[in-house]
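First the structure, in the form of structure tokens, and then the observations on it.
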Amino acid sequence: MMWLLVFVGSMASAGTLVSAHCQVVLSSKSVVVGFGHSFSVNCSSLSNQTAEMGWESRQDPRELTPGVTFLTLEVSSVKLWKLSPQCYVNLNDKTQCAERLPVTVYKMPDSVSMPQPSQPASMVEGEKRVVKCDVTNVAPVRNLSVLFHKGNKIVSTYTFNDSSLEPVNVSSVYDLIAHRDDNGSQIWCEAKLNFLTTGLQDTSMRSESQKVIVLYPPTFDEPENETLEVPAADKIILNCNAIGNPALVYSWHSPPPVQQTDMNPYKNQLILTRPLQFPGTYNCTASNLQGTTTKYFTLVEAPSSRAGTTAGILLAVFFVLIFILGCVVYQKQRKSAV
């Protein structure tokens, strides 16, 4: 620190600081460096009147060096959280120029974690749960974003206005509202340091994921009630497939002619072969601990079958009438003969 005071004093005595008109060029406009890492930046003077150059820095400074137009600042291992080096150029006319180098020192988090919920692991559809993400020992927090992922989507992003340059611990929360589409998906959080500088290694770290389990009542794949005609050529399939969590139990109710032994109560389909295709109402109930829902199938006699039946009845009546008429004529003829 004593050398720094002497160095600054010697620079100030060399002339007037005129930074607005400096012809000083840095090889990097800014530096982003990890704590404990190294960096180097070249400083060049474009003036042919350059007398001497130097670097003022809280770490690894360079003394005034006469007769050069090019000077490199080399920091072997960054040990400070705040660095703001300046390259100074003294010209022959006693004018002094300077260019400041912005340096951002960062540190990746020690850990990124989502605490396990104190409630049961499963959630009921519509339930709200606060998911917390803890990020420890990260810097600078003003460049930090915390992202919550659910499945392959980013569902929430948080940033921070803290101006602290040294490592801090931070937390973010996300309100997870359970939906059946989320059942089985993974949720996790990611801490990411954002810098405009390119070429940096990955500056993100993620937590372990947690599985989302959502309990919800059954819903049929095809919820509308159905009307079908019988008899069918081969077989009729009554589809009662539904989704729900936990697992579903199915039960069937059918017209009396169809024996319950012909149906498996745990199946989501009922297959009716031609001998079992009786008109009437069939219903299927899907249930779990979250609820129960029922679907109805109405089997009606096909129009062609009804027409055939009617035609048969009329034909039978016709033959009966013919038979009766024949009997009447026959009796009259016998009476006439007597």
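The values are calculated or read from the model by the stated rules, or taken from the named source; none is laboratory data. Fair warning: this is a prediction, and the values are worked out from it, not measured in the lab. Note: ideal-geometry Cβ built from the backbone for every residue, glycine included; neighbour counts use all protein chains shown. Calculation scope for accessible area: heavy atoms of the full protein, side chains included, ligands and nucleic acids excluded. Shrake-Rupley method; radii C 1.70, N 1.55, O 1.52, S 1.80 Å.
Filter region 190-231 down to residues that are within 22 Å of Y158 (Cα to Cα) and among the hydroxyl-bearing types (S, T, Y) and give me whichever is farthest from the chain's Cα centre (by Cα).
T197
Do you know which residues across region 277-327 are among the aromatic types (F, W, Y) and either more than 30 Å from S251 (Cβ to Cβ) or modelled with pLDDT under 90 (or both)?
Those that are among the aromatic types (F, W, Y) and either more than 30 Å from S251 (Cβ to Cβ) or modelled with pLDDT under 90 (or both): F278, F318, F319, F323.
If I ask for residues that are charged (D, E, K, R) and over 23 Å from N161 (Cβ atoms), which ones from region 108-141 would you list?
Result: E125, E127, K128, R129.
Take region 164-179 and flag every residue that is part of a loop (DSSP other than H, G, I, E, B), closer than 30 Å to K79 by Cα and at pLDDT 95 or above.
Here is the first cut: in region 164-179, the residues part of a loop (DSSP other than H, G, I, E, B) are 164-167, 178-179.
Checking the rest, the ones that are also closer than 30 Å to K79 by Cα come to 164-167.
Hits for region 164-179 are L165, E166, P167.
Restricting to region 180-205, what's the tally of residues that are farther than 30 Å from L289 by Cβ, in a loop (DSSP other than H, G, I, E, B) and of a type outside the set (A, V, I, L, M, F, W, C)? First the steps, then the outcome.
At the first step, the residues of region 180-205 found to be farther than 30 Å from L289 by Cβ are 189-205.
Checking which are in a loop (DSSP other than H, G, I, E, B) leaves us with 194-203.
In the following step, the residues that additionally are of a type outside the set (A, V, I, L, M, F, W, C) were identified as 194, 197-199, 201-203.
Number of matching residues: 7.
Give region 206-237 a look and list any residue that's part of a strand (DSSP E or B), over 17 Å from T293 (Cβ atoms), open to solvent by 40 Å² or more (accessible area, probe 1.4 Å) and not polar (S, T, N, Q), or say none.
Those that are part of a strand (DSSP E or B), over 17 Å from T293 (Cβ atoms), open to solvent by 40 Å² or more (accessible area, probe 1.4 Å) and not polar (S, T, N, Q): R206, K211, I213, L228, E229, K235, I237.
State the number of residues belonging to region 196-205 that are surrounded by 14 or more Cβ atoms within 10 Å (Cβ to Cβ) and either touching a residue at least 60 places away in the same chain (Cβ under 8 Å) or within 27 Å of P279 (Cα to Cα) (or both).
Qualifying residue count for the region: 2.
Go through region 1-54 and tell me which strands (runs of 3 or more DSSP E), entirely inside it, have 3 or more residues that are surrounded by 12 or more Cβ atoms within 10 Å (Cβ to Cβ) and either among the small types (G, A, S) or at pLDDT below 90 (or both).
Correct list: 39-45.
Do any strands (runs of 3 or more DSSP E) entirely within region 61-158 hold 1 or more residues that are open to solvent by 30 Å² or more (accessible area, probe 1.4 Å), without any contact (Cβ under 8 Å) to a residue 12 or more places away in the chain and farther than 30 Å from S172 by Cβ, and if so, which? So that I can check it myself, show each step before the final result.
Values: elements: 62-66, 70-75, 86-91, 95-100, 103-106, 111-113, 122-124, 128-138, 144-150.
Where strands (runs of 3 or more DSSP E) fall fully within region 61-158 and carry at least 1 residues being open to solvent by 30 Å² or more (accessible area, probe 1.4 Å), without any contact (Cβ under 8 Å) to a residue 12 or more places away in the chain and farther than 30 Å from S172 by Cβ, they are 62-66.
Do we find that V138 is in contact with a helix residue (DSSP H, G or I) (Cβ under 8 Å, 6 or more places away or on another chain) and within 16 Å of S113 (Cα to Cα) in this structure?
No; evaluated as a whole, the condition is false for this residue.
For region 133-172, which positions are out of contact with any Phe, Trp or Tyr (no Cβ under 6 Å at 6 or more places or on another chain) and farther than 22 Å from M108 by Cβ?
K150, G151, N152, K153
Looking at E125, E166, which is the one that is out of contact with any helix residue (DSSP H, G or I) (no Cβ under 7 Å at 6 or more places or on another chain) and of a type in the set (D, E)?
From the options E125, E166, the qualifying one is E166.
I'd like the full set of residues that are over 19 Å from A139 (Cβ atoms) and basic (K, R), limited to region 199-221.
Residue satisfying the conditions is K211 alone.
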